[in-house]
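Chemist: Okay, handing you the structure first.
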Amino acid sequence: MTLQWVMIIIVGVGVMATGASQIRLWIKNGREAARRDGILDTKLEGISLTQTETRQDIANLSDSINEQKQHCASVTGVFAEQIKTLQKDK
C-alpha cells in the first residue's frame, strides 16, 4: 500500500468515527427531549385538572349565589306582603 491509501483509510476511519459520535449525540439528545416533553405534558395535565376543578368550584359558587338571591327575593316578597297586610289592618 502506498502512503496515499494509508492516508485515505485514516481519514475514512476518522470520518466514520465522527459520524458515529454525532449519531450517538443525536440519539442522546432525542431521548432527553422526549423525557423533558413527558415531564412538561404531565405538568400541563396537572394544570389543566386544577383549572377544571377551579371552574367547577366557581360554577358551584355561582349556583349557590343564585339560589341565595332567589331565597332573599322570596323572603323580601313575603315581608312586603305582610307589611301591606299589617298596614291594611290598621
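The values are calculated or read from the model by the stated rules, or taken from the named source; none is laboratory data. Computed from a predicted model, the values in this text were never measured in an experiment. Methodologically, a virtual Cβ is constructed for each residue, glycine included, from the backbone with ideal geometry; neighbour enumeration extends over all protein chains shown.
Chemist: Check the range 60-79 and report whether any residue there is at pLDDT 90 or above, more than 21 Å from the chain's Cα centre (by Cα), among the acidic types (Asp, Glu) and surrounded by 10 or more Cβ atoms within 10 Å (Cβ to Cβ).
Modeler: Yes, the range 60-79 contains a residue that is at pLDDT 90 or above, more than 21 Å from the chain's Cα centre (by Cα), among the acidic types (Asp, Glu) and surrounded by 10 or more Cβ atoms within 10 Å (Cβ to Cβ).
Chemist: Scan Lys90, Lys84 and give me the residue that is modelled with pLDDT under 90 and loosely packed, with under 10 Cβ neighbours inside 10 Å.
Modeler: Of Lys90, Lys84, the one residue that is modelled with pLDDT under 90 and loosely packed, with under 10 Cβ neighbours inside 10 Å is Lys90.
Chemist: Quick one: is Ile8 part of a helix (DSSP H, G or I), of a type in the set (A, V, I, L, M, F, W, C) and at pLDDT 90 or above?
Modeler: The answer is no for Ile8.
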